[in-house]
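The values are calculated or read from the model by the stated rules, or taken from the named source; none is laboratory data. Bear in mind that the values here come from a model prediction, so they are computed numbers and not experimental data. Please note: Cβ atoms are built from the backbone with ideal geometry, for glycine as well, and neighbour counts cover all protein chains shown.
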Amino acid sequence: MQTLVTGGAGFLGSHLCERLLKDGHEVICLDNFYSGRRANIAHLRSHPNFEVIRHDIVSPILLEVDRIYSLACPASPVHYQYNPVKTIKTSVMGTINMLGLAKRVKARILLASTSEVYGDPQEHPQRETYWGHVNPIGVRSCYDEGKRVAECLMMDYHRQNNVDIRIVRIFNTYGPRMAIDDGRVVSNFCVAALRGEDLEIHGDGRQTRSFAYVDDLIDGMVRMMETEGITGPINIGNPDEFTILELASMAIEIAGTGSKLKFSPTRPDDPMRRRPDITLARKYLNWQPKTPLKVGLAATIEHFRKQLGLVPG
Ligand code: NAD
Ligand code: UDP
């Protein structure tokens, strides 16, 4: 199987490339290295079935492939808000280009969509039937609306051109290989706790997220791609819900450095509650997460301990 992974040098993409190589695929990793890093895929470079292409999906590309995992898009608010016009171009033009490719070479394509399509949700937990509560003109909309258009494009290419599609809505995922400067809450808290610095809480910290460990998430994504007769969207995430304060205490406890908290203003349009309903993933993919937050967080903290040079290795 020839498999294209766009965004393959990013956090999730690099884990996905690794998993697909293990499963015996020939993998083409395509990335423009905006938020991805060569270091994430350095250990795969010598694999005979692995290839890397530096390319920006805003421009079309022609490749002979059987599967396309469409992950290219910055995912951390810090990164996607840095150049918002580029972010929405990546989701809209990039998805059109990948769907055009899928149509032409008759490949199956999976879109890495997001819980952000639910915006600041007024239904809890979020089921796939919920249409969401998104501010169309806010600072998060380049990402949220970009992904909503990407989902729309997937469905229209499916209905109009019979393209074989899969859509997964990914909820907050964390784990080893997140960049130190990624800017998302788990990496920020792990790095600050290990350095003994204050953990910065936006708002009062009572907002919630449900955190999935990367290995669980990748397994769900691969199951979705290889399950026949479904298009999605299907939520993939861990339904255990935590406040940001709870996450901070856990990170401090595991790191064991006695860091304190500092509070700053709430970010604009910050979703207040987020938790996936994973009934569909359980039913159609026979999938559910296996890794509790405490276990996954400990593994992630070990990763950052090494990255920061705090232990040999
Ligand atoms: P990431 O920022 O680590 O990875 C994104 C990758 O895409 C990077 O390697 C980046 O360089 C590449 N990229 C960005 N724009 C590109 C372009 N125009 N052309 C080619 N490559 C480009 O983020 P991640 O956490 O690995 O997320 C991967 C995907 O999963 C994204 O589409 C994201 O929206 C989705 N997702 C992730 C999460 C999560 O919690 N990690 C949650 C929901 C959705
Ligand atoms: N957050 C925080 N401190 C940080 C980074 C994030 O308190 O250093 C909060 C943020 O306001 C949000 C939650 O943690 O409520 C998750 O933020 P993240 O950027 O990881 O992703 P989001 O789910 O908002 O896209």
Can you name the condition, by its number, that GLU51 falls short on among (1) within 11 Å of ligand 1 (Cβ to nearest atom); (2) more than 21 Å from the chain's Cα centre (by Cα); (3) crowded, with 16+ Cβ neighbours inside 10 Å?
(1)
Residue list for segment 294-308, filter: closer than 30 Å to SER141 by Cα and either touching a Ser or Thr at 6+ places or on another chain (Cβ under 9 Å) or exposed (fewer than 14 other Cβ atoms within 10 Å of the Cβ) (or both)
THR300
Kindly evaluate GLY100 against the criterion of being more than 16 Å from ligand 2 (Cβ to nearest atom), closer than 24 Å to ILE167 by Cα, under 20 Å from the mean Cα position of the chain (by Cα) and surrounded by 15 or more Cβ atoms within 10 Å (Cβ to Cβ).
no
Note: among ILE201, ILE167, just one is in contact with a Leu (Cβ under 6 Å, 6 or more places away or on another chain) and within 12 Å of ligand 1 (Cβ to nearest atom), namely ILE167
Restricted to segment 195-236, and to residues that are within 30 Å of GLY258 (Cα to Cα) and either surrounded by 22 or more Cβ atoms within 10 Å (Cβ to Cβ) or at pLDDT below 95 (or both), which residue is farthest from the chain's Cα centre (by Cα)?
LEU199
Tabulated pairs, segment 203-214, first at positive phi, second modelled with pLDDT of 95 or more and more than 6 Å from ligand 2 (Cβ to nearest atom), C-beta under 8 angstrom, 6+ apart or interchain:
GLY203/PHE263; GLY203/PRO265; GLY203/THR266; GLY205/THR243; GLY205/LEU245; GLY205/ALA248; GLY205/LEU261; GLY205/PHE263
Residue under question is THR129, and the condition is that it be in a helix (DSSP H, G or I) and either polar (S, T, N, Q) or surrounded by fewer than 15 Cβ atoms within 10 Å (Cβ to Cβ) (or both); does it hold?
no
So is TYR80 within 20 Å of PHE171 (Cα to Cα), in contact with a Pro (Cβ under 8 Å, 6 or more places away or on another chain), among the aromatic types (Phe, Trp, Tyr) and away from ligand 1 (no atom under 12 Å from the Cβ) or not?
no
Which of the residues that make up segment 37-50 are under 11 Å from CYS17 (Cβ atoms) and either at pLDDT below 95 or not hydrophobic (A, V, I, L, M, F, W, C) (or both)?
ASN40, HIS43, ARG45, HIS47, ASN49
Filtered residues of segment 103-114 (kept if buried (at least 16 other Cβ atoms within 10 Å of the Cβ) and either under 20 Å from the mean Cα position of the chain (by Cα) or assigned to a helix (DSSP H, G or I) (or both))
LYS103, ARG108, ILE109, LEU110, LEU111, ALA112, SER113, THR114
Sort out which residues of segment 244-266 are within 16 Å of ligand 1 (Cβ to nearest atom) and farther than 10 Å from LEU199 by Cβ, and write them in order of number.
none
Which one of ILE57, ILE68 is of a type in the set (A, V, I, L, M) and over 24 Å from ALA179 (Cβ atoms)?
ILE68
Is segment 115-124 home to any residue that is more than 16 Å from ligand 2 (Cβ to nearest atom) and surrounded by 15 or more Cβ atoms within 10 Å (Cβ to Cβ)?
no
